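Novice: If you scroll down you'll find the structure; I have some questions about it.
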Ligand SMILES: Cc1cc2nc3c(=O)[nH]c(=O)nc-3n(C[C@H](O)[C@H](O)[C@H](O)COP(=O)(O)OP(=O)(O)OC[C@H]3O[C@@H](n4cnc5c(N)ncnc54)[C@H](O)[C@@H]3O)c2cc1C
């Protein structure tokens, strides 16, 4: 049994703590934000202050891999989520995947269920409103981390410290303070400006769909709808941050007008009434960090998990799944904690590169094309077409191909890998033929309508 300190009690910090405690370790989680006030999901959604998680009120989908990991590691927590109105998506993942389930929830509702579980877990001590300020370490060519310091000056000993501070992790500074450095820090800004608004279904209405992604891709923007818990849903999307019309989405009425003008989004607007203002967020990027310099650890007794290790532009909606999967990979190697922390770091980095690395690389590749396409779309260029076979599966799904749809959903939910699916000869041939034949279309809601004559901005507009 080892003592573990987790800096950051967001989704991944809390699942990491739960999974480690259930393998017999003592875990202290320190999170800068306060605990949620106990109560009904709507109260939580409205009142839980998450300064440390700026995306907290943005739309989240919880992929099949999240359901699989929770079912394997903490089935009781999964049950408690379902009992509180968190929904299950209606995917048909196909034969062999009957048990897989993707969850539908507003993020604060999902996260509060995890926090509740952590507070009840005997091996976990979760301390809210405590900010970690840095690391305590024994100096050396490879410094050995032996604990954390809080902003209030408290020192906490640990056999292993895990940074789960999310995309704002200050690991580079913490490492510099103990005489080492972060050797790998790949960063790709994504040029996107996100917007999101939450709604409740009208009394007689049902969700137009529960299988993400649902919505429209236009040449200049991405527009998505997601069913959530307790008869709520979220409409969201992104424009290039160079788009002069992006600030118009600050206006709730204009936001709804744009959504109504999009054929894939209109049924959603008609099915509900708003329960929030429009949320905006910029600074979107992909980032991958590693504590291995080539094959050599730069620090001992310290790990990065979740967004602190790897975060992706949210268009695929996979960050929580990547982090929960990585937390499970750590838990499965947790017999090494305090006994051989360097070997543990090697093992975890190797797993991350092998399992999550290809997904990160694909996101970077897709985003590179997307950044250019959305910018060109502002000037009237056509909609972005799929450029690889995995994206072709998504497009074939849109054309009503059930085989492609199931394969796409399995990949998208992190249940299988593109290479495994495309080893199927029939699917491979279909996607290859599709890529060769696909015409470049204008997409719905042509730019001139969006800009001038259509419902969105027929009056004056606010430009960024
Ligand atoms: C706009 C947007 C939409 C997204 N949509 C999706 C989606 O649909 N599906 C999906 O799977 N993922 C989505 N993501 C990604 C997802 O939000 C992250 O992958 C996920 O939150 C990572 O969890 P985490 O625990 O690593 O980090 P976080 O959830 O960011 O948690 C970090 C925690 O650390 C705390 N903290 C920070 N610094 C300190 C400190 N010094 N001391 C103590 N505590 C500290 C913070 O308060 C916070 O509680 C989205 C991201 C964005 C930006």
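The values are calculated or read from the model by the stated rules, or taken from the named source; none is laboratory data. Because the structure is a prediction, the values reported are computed rather than measured. Reconstructed Cβ throughout: ideal geometry from the backbone, glycine too, with neighbour counts over all protein chains shown.
Novice: Give the residue that is modelled with the lowest pLDDT, with candidates limited to residues of segment 295-316 that are touching a helix residue (DSSP H, G or I) at 6+ places or on another chain (Cβ under 6 Å) and part of a loop (DSSP other than H, G, I, E, B).
Specialist: Per the stated criteria, the residue is 313.
Novice: Considering 257, 328, 270, which residue is at pLDDT 95 or above and closer than 25 Å to residue 451 by Cβ? If you could, list the steps in order and put the result at the bottom.
Specialist: Details: 257 fails: at pLDDT 95 or above; 328 fails: closer than 25 Å to residue 451 by Cβ.
Unique residue meeting the criteria: 270.
Novice: Would you be able to say whether some residue in segment 176-187 is closer than 28 Å to residue 255 by Cβ and within 17 Å of the chain's Cα centre (by Cα)? Break it down into steps so the answer makes sense when it comes.
Specialist: So the first thing to find is which residues in segment 176-187 are closer than 28 Å to residue 255 by Cβ, and the list is none.
No.
Novice: Report whether or not residue 269 is away from the ligand (no atom under 15 Å from the Cβ) and crowded, with 18+ Cβ neighbours inside 10 Å.
Specialist: On the way: away from the ligand (no atom under 15 Å from the Cβ): yes; crowded, with 18+ Cβ neighbours inside 10 Å: yes.
Against the criterion (away from the ligand (no atom under 15 Å from the Cβ) and crowded, with 18+ Cβ neighbours inside 10 Å), residue 269 qualifies.
Novice: Can you say whether residue 289 is surrounded by fewer than 21 Cβ atoms within 10 Å (Cβ to Cβ), within 23 Å of the chain's Cα centre (by Cα), part of a helix (DSSP H, G or I) and within 16 Å of the ligand (Cβ to nearest atom), as far as the supplied structure shows? It would help to see each step written out before you state the result.
Specialist: On the way: surrounded by fewer than 21 Cβ atoms within 10 Å (Cβ to Cβ): yes; within 23 Å of the chain's Cα centre (by Cα): yes; part of a helix (DSSP H, G or I): no; within 16 Å of the ligand (Cβ to nearest atom): yes.
Spelling it out, it is not the case that residue 289 is surrounded by fewer than 21 Cβ atoms within 10 Å (Cβ to Cβ), within 23 Å of the chain's Cα centre (by Cα), part of a helix (DSSP H, G or I) and within 16 Å of the ligand (Cβ to nearest atom).
Novice: Of 427, 414, 374, 393, which residue is buried (at least 20 other Cβ atoms within 10 Å of the Cβ) and on the phi > 0 side of the Ramachandran plot?
Specialist: Working: 427 fails: on the phi > 0 side of the Ramachandran plot; 374 fails: on the phi > 0 side of the Ramachandran plot; 393 fails: on the phi > 0 side of the Ramachandran plot.
Criteria check complete, one pass: 414.
Novice: Right, here's the next one. Of the conditions (1) touching a strand residue (DSSP E or B) at 6+ places or on another chain (Cβ under 8 Å); (2) away from the ligand (no atom under 14 Å from the Cβ), residue 117 clears all except one; give me its number.
Specialist: (1)
Novice: For segment 188-211, what are the residues that are away from the ligand (no atom under 14 Å from the Cβ), more than 22 Å from residue 277 (Cβ to Cβ) and part of a strand (DSSP E or B)?
Specialist: Hit for segment 188-211 is 188, nothing else.
Novice: Then there's this: Out of the residues in segment 155-180 that are in contact with a strand residue (DSSP E or B) (Cβ under 9 Å, 6 or more places away or on another chain) and without any contact (Cβ under 8 Å) to a residue 60 or more places away in the chain, which is farthest from residue 9 (Cα to Cα)?
Specialist: Initially, segment 155-180 is screened for residues in contact with a strand residue (DSSP E or B) (Cβ under 9 Å, 6 or more places away or on another chain), giving 155-167, 169-175, 177-180.
Those still in the list that are without any contact (Cβ under 8 Å) to a residue 60 or more places away in the chain too: 155, 170, 172-174, 177, 179.
On the way: 155: 18, 170: 15, 172: 19, 173: 20, 174: 18, 177: 23, 179: 26 Å.
Restricting to residues being in contact with a strand residue (DSSP E or B) (Cβ under 9 Å, 6 or more places away or on another chain) and without any contact (Cβ under 8 Å) to a residue 60 or more places away in the chain, the top hit is 179.
Novice: Something else about it: When you go through (1) more than 19 Å from residue 333 (Cβ to Cβ); (2) crowded, with 22+ Cβ neighbours inside 10 Å; (3) within 15 Å of the ligand (Cβ to nearest atom); (4) touching a residue at least 40 places away in the same chain (Cβ under 8 Å) one by one for residue 58, which number turns out not to apply?
Specialist: Condition (2) is where residue 58 drops out.
Novice: Output the residues belonging to segment 217-257 that are over 26 Å from residue 207 (Cα atoms), touching a helix residue (DSSP H, G or I) at 6+ places or on another chain (Cβ under 8 Å) and part of a helix (DSSP H, G or I).
Specialist: 248
Novice: Do we have any residue at all in segment 143-154 that's within 10 Å of the ligand (Cβ to nearest atom) and touching a helix residue (DSSP H, G or I) at 6+ places or on another chain (Cβ under 8 Å)? Give the steps one after another, and end with the answer.
Specialist: So in segment 143-154, the residues within 10 Å of the ligand (Cβ to nearest atom) come out as 148, 150-151.
Subset that is touching a helix residue (DSSP H, G or I) at 6+ places or on another chain (Cβ under 8 Å): none.
Scanning segment 143-154, I find no residue that is within 10 Å of the ligand (Cβ to nearest atom) and touching a helix residue (DSSP H, G or I) at 6+ places or on another chain (Cβ under 8 Å), so the answer is no.
Novice: Sticking with this structure for a sec: Considering only segment 1-46, state which residues are within 16 Å of the ligand (Cβ to nearest atom), part of a loop (DSSP other than H, G, I, E, B) and out of contact with any helix residue (DSSP H, G or I) (no Cβ under 9 Å at 6 or more places or on another chain).
Specialist: The answer is 32, 33, 34.
Novice: Now a separate question. Select from segment 423-448 the residues that are closer than 28 Å to residue 221 by Cβ and part of a helix (DSSP H, G or I) and list them in ascending order. Please lay out each step first, then the result.
Specialist: We begin by selecting, within segment 423-448, every residue closer than 28 Å to residue 221 by Cβ; these are 431, 434-448.
Result: 431, 434, 435, 436, 437, 447, 448.
Novice: Of all residues in segment 45-55, how many are surrounded by fewer than 21 Cβ atoms within 10 Å (Cβ to Cβ) and either more than 13 Å from the chain's Cα centre (by Cα) or more than 17 Å from residue 320 (Cα to Cα) (or both)?
Specialist: Total meeting the criteria: 6.
Novice: Working only within segment 181-205, note down all residues that are surrounded by fewer than 14 Cβ atoms within 10 Å (Cβ to Cβ) and touching a strand residue (DSSP E or B) at 6+ places or on another chain (Cβ under 7 Å).
Specialist: 184, 185, 186, 187, 202 - these are the residues of segment 181-205 that are surrounded by fewer than 14 Cβ atoms within 10 Å (Cβ to Cβ) and touching a strand residue (DSSP E or B) at 6+ places or on another chain (Cβ under 7 Å).
Novice: Related question: Let me spell it out: the conditions are (1) farther than 27 Å from residue 1 by Cβ; (2) surrounded by fewer than 19 Cβ atoms within 10 Å (Cβ to Cβ); (3) modelled with pLDDT of 95 or more, and residue 22 meets all of them except one. Which number is the exception?
Specialist: All conditions pass for residue 22, except number (1).
Novice: While we're on this one: Please find, within segment 317-334, the residue that is farthest from the ligand (Cβ to nearest atom) out of those that are free of Cβ contacts under 8 Å to residues at least 40 places away in the same chain and assigned to a helix (DSSP H, G or I).
Specialist: Residues of segment 317-334 free of Cβ contacts under 8 Å to residues at least 40 places away in the same chain: 319, 329, 332-333.
Among the residues that remain, those that are also assigned to a helix (DSSP H, G or I) are: 319, 329.
On the way: 319: 2, 329: 14 Å.
The qualifying residue farthest from the ligand (Cβ to nearest atom) is 329.
Novice: For segment 382-422, give me every one of the helices (runs of 4 or more DSSP H) that falls completely inside it and has 2 or more residues that are closer than 26 Å to residue 372 by Cα.
Specialist: Numbers: elements: 389-398, 402-412, 418-422.
Answer list for segment 382-422: 389-398, 402-412.
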